[in-house]
1. Using Stokes-Einstein with the Kirkwood hydrodynamic radius over Cα pairs, what translational diffusion coefficient do you get for the stretch 3-81 at 37 °C and a viscosity of 0.692 mPa s, in µm²/s rounded to a whole number?
2. With θ taken as phi - 60° and the coefficients 6.51, -1.76 and 1.60, list the Karplus ³J(HN,Hα) couplings across the stretch 5-11 in order, rounded to whole Hz; mark glycine and proline as x.
3. As a footprinting exposure proxy, order 64, 43 by other Cβ within 10 Å, with the fewest listed first.
4. About the Cα centre of the chain, what is the dipole size in debye to 20, counting +1 per Lys and Arg Cβ and -1 per Asp and Glu Cβ, all else neutral?
5. Exactly which trypsin sites (Lys or Arg not before Pro) in the chain are in a DSSP loop and have at most 10 other Cβ atoms within 10 Å?
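Nothing in this text is a laboratory measurement; each read-out follows from the coordinates by a stated rule. Model, not experiment: these values are computed from the prediction. Neighbour counts run over all protein chains shown; Cβ positions are idealised from the backbone, glycine included.
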Amino acid sequence: MSIGAKIRSYIQENFLFTDDTSAFADNDSFLEQGIIDSTGVLELVFFVEEQFGIKVADREMIPENFDSVANIARFIQNKQATP
């Protein structure tokens, strides 16, 4: 399963309570669409750290990294590529 698919599945199951893959697009803003609030972002960060074995610094918890499936996938790929 791809990084994006794992993130999408987690969001669908834990925030939208659906398995409808058309519920949102990979580039949709979680905050603007009302999918996740600020508390939900923290839950998402914990999931990302646990699932992908990376550490997210406080300064990295910004919308550019955590406000869409595409942003999160790109962030994870960059973190995993950095030694």
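1. On the way: Rh = 12.4 Å.
Answer, rounded: 264 µm²/s.
2. 5, 5, 5, 4, 4, 4, 5
3. Lowest count first: 64, 43.
4. Using only the charged Cβ atoms, the result is roughly 380 debye.
5. For trypsin sites (Lys or Arg not before Pro) across the chain that sit outside H, G, I, E and B with at most 10 neighbouring Cβ atoms in 10 Å, the list reads 55.
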